[in-house]
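Asks: Please read through the structure below; I'll follow up with questions.
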Amino acid sequence: MATKLKVRLVTPERILVDTEADAVEIPGKTGYLEALYGHAPLLTEIGAGMVRLHGAESGEESYMIARGFAEVLPERVTILAEEAEKPEEIDVMKAQEQLQHGEALWNKAGDDPAKYTEANEVMAEANAKIEGAGKK
Amino acid sequence: MANVLDLRRRIRSVRNTRQITKAMKMVSAAKLRRAQERAVSARPYAAMLASVLESLKRRAEIYDPETGECRSPLLLTRPEQRILLVVVSGDKGFAGAFNTNIIKAATNFIQENDRKEIDVEAIGRKGRDFFRRRFGAAQFGQDGTRGARGGAIEVTGEHTGVLEKLSYERVREVAMKIVHRYEHEEIDAAYLVYNEFKSVIQQRVVVERVLPILQLGARQITEAHELTTEERERAAEAALSAGVSLFPKEAEAAEKQLENEAKNFGTAEVDYIYEQPAAEIFADVLPRYITSQLYHATLESVAAEHAARMTAMDSATNNASDMIDSLTLTMNRVRQAAITKEIIEIVSGAAAI
């Protein structure tokens, strides 16, 4: 096996993950992408979704993240996310509330495209949370 | 002269007060330590964000090459007519001159800009109370549209309880509102007034401009008030007696290394593949930069508030001790005088027989 990737997940509050893994799945804004050791340098925005670390020290690890961006370098992946949670920490009730809030925003948006985008983002985040909850 | 019983009662009362102030001091010291840790652990994110912006700026073509127009509304400057002033104060008192200093700096700022319309956004109960009493709150209609201005200065928003349990989410809401208002040209500039906190002895009240962004990474401090030497000595003394280190752990090598790495984030001398156009990423990251600045300000302000409270409570404890000493002295004197008087009475009584 080739050398391992250094993976770091940073939130505004702290460094949540600092570990090594064989591969990282990143929820890019335009779709999931997977980075292995030696990946070409890449910078992407992040959509709401799950980050999965394959072959990390403690086996598989996954985190729900939203709003941020990721930098991929051949030997290192750094993810900056405003929100990051472990699947078992997700509060489904809260996510449901957020989804409803998003729907309310959508209904109220009228003809302002910026508001639709915002509502969509809120809903996508809530959906990602609900989906990711409890999954390993 | 007061009698012994009264004095004893007073001493007991002062002793109780000392107990309370001492406890408050220790609580503040513990909270300060936690706030400092939080500030340190928030640093990598802020540093990474700043550096990625820095590197993006070079590729993002902020200015349209054909028309020369600026693409990001947050970088546009307009003549300052309407200013948003974010005042970060504390939620509670008992912190010496902490809140007064911030309010003073904010009031100074308002006086200097008396020709302009100023909206005050208050974070923290103390600042809100003051500005609401002084200038009045803005009136909003049911649908959120703003009513006519009552005066040149109005409080447009208040955020109490944010500081108590500081979360990025809450700060983000405030910051997004500011960004939104700037983008829609409701305001021409946004300033922050808060207490900067490097360590217990290195802090100052600053007025900092956050919008428009003139130069990335560079902080635009327009005014700063340092601590006086005397205040600094008092603070150092208080920190020492409460067991708080004067120099937070940032000096540690590991922390340094991390910070250096953070600075290199997104700046590697390679051509990145951009999943989205660089300009698009840049536009998305800019508001986050504002949020991160505001979050940073609130973090430091919280730490500074605890430090100020710790110092104030340390002074109060010392004063109480002094008072107990002097009261005890008076009490002993009064007691002795009474005893002497009694002996004289007995002796002269015996002599008379």
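Asks: How much net charge surrounds B:HIS225 when only the other residues with a Cβ under 9 Å from the Cβ of B:HIS225 are counted, with Lys and Arg +1 and Asp and Glu -1? Spell out each step's value before the answer.
Replies: Details: positive: B:LYS104, B:ARG204; negative: B:GLU223, B:GLU226.
Counting the neighbours of B:HIS225, the net charge comes to 0.
Asks: With θ taken as phi - 60° and the coefficients 6.51, -1.76 and 1.60, list the Karplus ³J(HN,Hα) couplings across region B:342-353 in order, rounded to whole Hz; mark glycine and proline as x.
Replies: 4, 4, 4, 4, 5, 4, 5, x, 5, 5, 6, 5
Asks: For region A:1-57, what's the radius of gyration and Dmax over Cα atoms, in angstrom?
Replies: Over region A:1-57's Cα set, Rg and Dmax evaluate to 11.5, 34 Å.
Asks: Another question, if that's okay. Which pairs in the list A:LYS86/B:LYS31; B:LYS57/B:LYS126; A:LYS29/B:LYS165; A:LYS129/B:LYS198 are over 29 Å apart, alpha-carbon to alpha-carbon? List each step's numbers first, then the result.
Replies: Numbers: A:LYS86/B:LYS31 27 Å; B:LYS57/B:LYS126 39 Å; A:LYS29/B:LYS165 31 Å; A:LYS129/B:LYS198 37 Å.
The answer is B:LYS57/B:LYS126; A:LYS29/B:LYS165; A:LYS129/B:LYS198.
Asks: Shifting gears a bit: Please enumerate, by chain and number, the aspartates and glutamates with C-alpha under 12 Å from the C-alpha of A:LYS94, excluding those fewer than 8 residues away in the same chain.
Replies: Within the straight-line limit of under 12 Å, A:LYS94 reaches these aspartates and glutamates: A:GLU125.
Asks: Tell me, Kirkwood radius of chain A from alpha-carbon pair distances, in Å? Could you put the intermediate results ahead of the total?
Replies: Details: mean 1/r = 0.0647 Å⁻¹.
It is 15.4 Å.
Asks: Now for a different question. Given the rule -39500 (n - 2.57) for each run of at least 4 DSSP H residues, summed and divided by the residues of chain A, what is its mean residue ellipticity at 222 nm, to the nearest 500 deg cm²/dmol? If you can, show how the numbers build up before the last one.
Replies: Values: 2 runs with 37 residues, N = 136.
Computed mean residue ellipticity for chain A: -9500 deg cm²/dmol.
Asks: Out of the total accessible area of the protein assembly as shown (probe 1.4 Å, heavy atoms of protein only), what percent is carbon and sulfur? If you can, show how the numbers build up before the last one.
Replies: Working: 12760 of 24690 Å².
Within the protein assembly as shown, the accessible surface is 52 percent carbon and sulfur.
Asks: Right, something else. Please list, in chain and number order, the residues 5+ apart from B:GLU196 or on another chain whose amide H is under 5 Å from its amide H, with Hs placed from the backbone.
Replies: B:ARG204, B:VAL205, B:VAL206
Asks: Shifting gears a bit: Say each of B:ASN319 and A:GLU121 gets a label point 7 Å from the Cα, pointing the same way as Cα to Cβ; how far apart are those two points in nm?
Replies: Inter-label distance under the simple model: 4.9 nm.
Asks: Here is a follow-up. Counting only C-alpha contacts under 8 Å and six or more residues apart, can you give the relative contact order of chain A as a whole percent?
Replies: Working: 293 pairs, mean separation 29.4, N = 136.
Rounded, it is 22 percent for chain A.
Asks: Would you grab the residues whose amide H sits under 5 Å from the one on A:GLU83? Only those 5+ places off in sequence or on another chain, please, with H modelled 1.01 Å from N.
Replies: It is A:ALA66, by chain and number.
Asks: Another question, then. Amide H of B:ILE153 versus every other amide H placed in the peptide plane: which residues, excluding those fewer than 5 positions away on the same chain, fall under 5 Å?
Replies: Residues meeting the amide H criterion: B:ILE118.
Asks: On to the next question. Hey, what do the phi angles of region A:93-102 turn into as Karplus ³J(HN,Hα) couplings, whole Hz, using 6.51/-1.76/1.60 and θ = phi - 60°, x for Gly and Pro?
Replies: Each residue's phi maps through the Karplus curve to give 4, 5, 5, 4, 4, 5, 4, 4, 4, x Hz.
Asks: Contour minus end-to-end for B:ALA224 and B:ARG10, with contour as 0.36 nm per residue of separation and end-to-end as the Cα-Cα distance?
Replies: Numbers: separation 214, 0.36 × 214 = 77.04 nm, distance 4.31 nm.
72.7 nm is the gain from fully extending B:ALA224 to B:ARG10.
Asks: Cα centroids of region B:304-330 and region B:163-215: how far apart, whole angstrom?
Replies: With region B:304-330 and region B:163-215 each reduced to a Cα centre, they are spaced 34 Å.
Asks: May I ask you to evaluate 6.51 cos²θ - 1.76 cosθ + 1.60, the Karplus curve with θ = phi - 60°, for each residue of region B:278-289 and list the ³J(HN,Hα) values in order in whole Hz, giving x for glycine and proline?
Replies: Ordered by residue, 3J(HN,Hα) equals 3, 5, 5, 4, 4, 5, 6, 7, 3, x, 5, 5 Hz.
Asks: How much accessible surface does B:ILE339 have with a 1.4 Å probe, in Å² rounded to 10?
Replies: Near enough 90 Å² of accessible area.
Asks: Could you work out how far apart the two model spin labels at B:ARG232 and B:ARG335 are, taking each label as a point 7 Å from the Cα in the direction of the beta carbon, and quote it in nm?
Replies: It is 4.5 nm.
Asks: While we're here: Separation of region B:71-130 and region B:10-61 by C-alpha centroid, Å?
Replies: With region B:71-130 and region B:10-61 each reduced to a Cα centre, they are spaced 21 Å.
Asks: Quick check: net charge around B:ARG18, other residues with Cβ under 13 Å of its Cβ, Lys/Arg +1 and Asp/Glu -1? Could you put the intermediate results ahead of the total?
Replies: Values: positive: B:ARG10, B:ARG12, B:ARG15, B:LYS22, B:LYS25; negative: B:ASP314, B:ASP322, B:ASP325.
Once positives and negatives cancel, what remains is +2.
Asks: What FRET efficiency comes out for A:THR3 versus B:ILE344 if R0 is 60 angstrom and r is the Cβ-Cβ distance? Round to the nearest 0.05. Could the numbers behind the result be given before it?
Replies: Working: r = 96 Å, r/R0 = 1.61.
According to the calculation, E is roughly 0.05.
Asks: Shape verdict for the protein assembly as shown, please, from the Cα gyration tensor: rounded (a/c under 1.5), prolate (a/b greater than b/c) or oblate.
Replies: Numbers: a/c = 2.52, a/b = 1.84, b/c = 1.37.
Taking the square roots of the gyration eigenvalues as a ≥ b ≥ c, the protein assembly as shown is prolate.
Asks: Solvent-accessible area of B:ASP114, probe 1.4 Å, all protein chains present, reported in Å² to the nearest ten, please.
Replies: We get 110 Å² for B:ASP114.
The values are calculated or read from the model by the stated rules, or taken from the named source; none is laboratory data. As the structure is a computational prediction, the values presented were derived from the model and not from experiment. Don't worry about glycine lacking a Cβ; one is built from the backbone with ideal geometry, like all the others, and counts go over all protein chains shown. Side chains are part of the model used for accessible areas, which takes the heavy atoms of the whole protein and leaves out ligands, DNA and RNA. Shrake-Rupley method; radii C 1.70, N 1.55, O 1.52, S 1.80 Å.
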